[in-house]
1. What does the extension gain come out to for residue 88 and residue 75, with contour length at 0.36 nm per residue minus their alpha carbon separation?
2. Full-extension gain between residue 190 and residue 171, please, as 0.36 nm times their residue separation minus the C-alpha to C-alpha distance.
3. How much length is gained on full extension from residue 162 to residue 53, taking 0.36 nm per residue of separation minus their Cα-Cα distance?
4. Could you work out how far apart the two model spin labels at residue 153 and residue 183 are, taking each label as a point 7 Å from the Cα in the direction of the beta carbon, and quote it in nm?
5. Students often forget the sequence filter, so: which lysines lie under 23 Å Cα-Cα from residue 124 once same-chain residues fewer than 8 apart are removed?
6. Taking each pair of different alpha-carbon atoms in the chain once, compute 1/r for the pair, average those values, and report the inverse of that mean as the Kirkwood hydrodynamic radius in Å to one decimal.
7. In debye to the nearest 20, how big a dipole does region 43-193 give about its Cα centre with +1 on each Lys and Arg Cβ and -1 on each Asp and Glu Cβ?
Amino acid sequence: MNGSILVVSGPSGSGKTSLAKKLLDIVPNAYFSISTTTRKPRENEQDGVDYFFIEKESFLSEIDEGGFLEWAEVHGNFYGTSFKPIEEALQGGKIVVLDIDIQGHKTIREKFPKLVTSVFITTKNKSVLKARLSSRNTETSEILELRIINAISEMRSINAYDYFFVNDDFEESLNSLTAIAIASRHKQSLTDR
Ligand code: 5GP
């Protein structure tokens, strides 16, 4: 495998997904992994673009068949990274960008300790997070509250990550993420895989 893995995590509303997707326009040879989820699509989301949206039953069958490299239950829904496309991308020498939660990061790091670089992206404080999530207008108030509560516990895992930054200004954050992605290709551990 000639590729490497960049894990991007952070609370909902941190802006990590927008940053991770934008990174693909900048860094050559990067591949964004499209996860599978049992969450219902939001109004602006497309099947096969943002996620593969499936029913819980199909998700559970896919777990049994060993189709996921990792999977986790997050905010009451299931999310998983499919094995095959990641394997192909790694063999093709790509930087595989995974937008996954803290549980997914732990699993991937255990499976590919030499290939992984990880970054945790967050907001300045809880009120910025709440304001961003509310303005997105994609969640019910119950789910929004759940995501805020989960954000606080997710923050406790920051020290499991290689890098961390606050996404205050999108362009500045994109520069930071780009620098991390480029540096991740030069990790000494990649020479010894
Ligand atoms: P959202 O519902 O806001 O799209 O995503 C909720 C959370 O699930 C985010 O923290 C996101 O990073 C995480 N997530 C998305 N796909 C995956 C996946 O394949 N595996 C894991 N473990 N987490 C995921």
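1. Length gained, residue 88 through residue 75: 1.7 nm.
2. Numbers: separation 19, 0.36 × 19 = 6.84 nm, distance 2.86 nm.
Once the chain is fully extended between residue 190 and residue 171, it gains 4.0 nm.
3. Using 0.36 nm per residue and subtracting the Cα-Cα distance, I get 36.2 nm.
4. 3.1
5. In chain and number order, the partners are 16, 21, 22.
6. Evaluated on the chain, it is 17.1 Å.
7. It comes to approximately 800 debye.
We did not get these values from a lab; they are worked out from the coordinates using the rules stated. None of the values given here were measured: they were computed from a predicted structure. Every residue, glycine among them, receives a Cβ derived from its backbone with ideal geometry; neighbour counts consider all protein chains shown.
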